[in-house]
Amino acid sequence: MLTANEMLMKTEALKWVATLSDKQFAEFFYEATHGRDTSDIPDEGGHFVLADVARIESGWEINYIAVPQDYDEWIDDAPICQEGECAQCGSVVRSWAKDLVCPVCGTNGYGS
Ligand SMILES: [Zn+2]
């Protein structure tokens, strides 16, 4: 249970997060969860990833949101529209940069 001060901080944090563009939110998410091990089994590599889903005819399409290989010079509201399939793990990934890093396996990839 949160204290009154923690509730205030949470409210302020939620207000701030609501102001972020999708790209800024993705960067914040990966910075906030970097190094967080979600598995109880050593070397399993459990970690959180950010995904975007959309309903399609056959069910749901899942795109894992990827960060760029190089963070230079991206505007805050760059669209997350570069899509590709990871050559290593087969995940469908999407980023604002063509040169991206698969958030599932960490392999450098390419979106178009
Ligand atoms: Zn991958």
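Read-outs: derived from the displayed coordinates by stated rules, not from any lab. Just so it is clear, the model here is predicted, and its values are computed rather than measured. As a convention, Cβ positions derive from the backbone with ideal geometry for all residues, glycine included, and neighbour counts pool all protein chains shown.
For 89, 81, what's the fewest-to-most ordering of other Cβ within 10 Å of each Cβ?
With the sparsest Cβ surroundings first, the list reads 81, 89.
Among 34, 47, rank each residue by its count of other Cβ atoms within 10 Å, from fewest to most, as a rough exposure measure.
34, 47
Tell me, which cysteines of the chain are without a disulfide-compatible partner by the Cβ under 4.7 Å rule?
81
Across the chain, where is the longest run that never hits GluC sites (Glu not before Pro) in a DSSP loop with at most 15 other C-beta atoms within 10 Å?
The longest uninterrupted stretch comes out as 1-43.
What is the fewest-to-most order of 80, 62 by other Cβ atoms lying within 10 Å of their Cβ?
Going from sparsest to densest Cβ surroundings: 62, 80.
If you place +1 on the Cβ of every Lys and Arg and -1 on the Cβ of every Asp and Glu, how big does the dipole about the Cα centre of the range 1-63 come out, in debye to the nearest 20?
About 360 debye.
Could you point to the residue in 104, 62, 74 farthest towards the positive end of the range 27-112's charge dipole, with +1 and -1 charges on the Cβ of Lys/Arg and Asp/Glu respectively?
Checking the options against the dipole of the range 27-112, the answer is 62.
Nothing charged except the Cβ atoms of Lys and Arg (+1) and of Asp and Glu (-1): what's the magnitude of the dipole of the chain about its Cα centre? Round to the nearest 20 debye.
That gives the chain a dipole magnitude of about 280 debye.
Treating the angle as unsigned and between 0 and 90°, give the value, to the nearest 10°, between the Cα long axis of helix 22-33 and the longest Cα principal axis of the chain.
Compared with the principal axis, the helix lies near 70 degrees.
Take the alpha carbon atoms of the range 33-61, find their center, do the same for the range 74-103, and report the distance between the two centers in whole angstrom.
Each part reduced to its Cα centre gives a spacing of 15 Å.
Diagonalise the Cα gyration tensor of the range 4-110 and give the resulting equivalent ellipsoid semi-axes, square root of 5 times each eigenvalue, largest first, whole Å.
In descending order, the three semi-axes are 24, 19, 15 Å.
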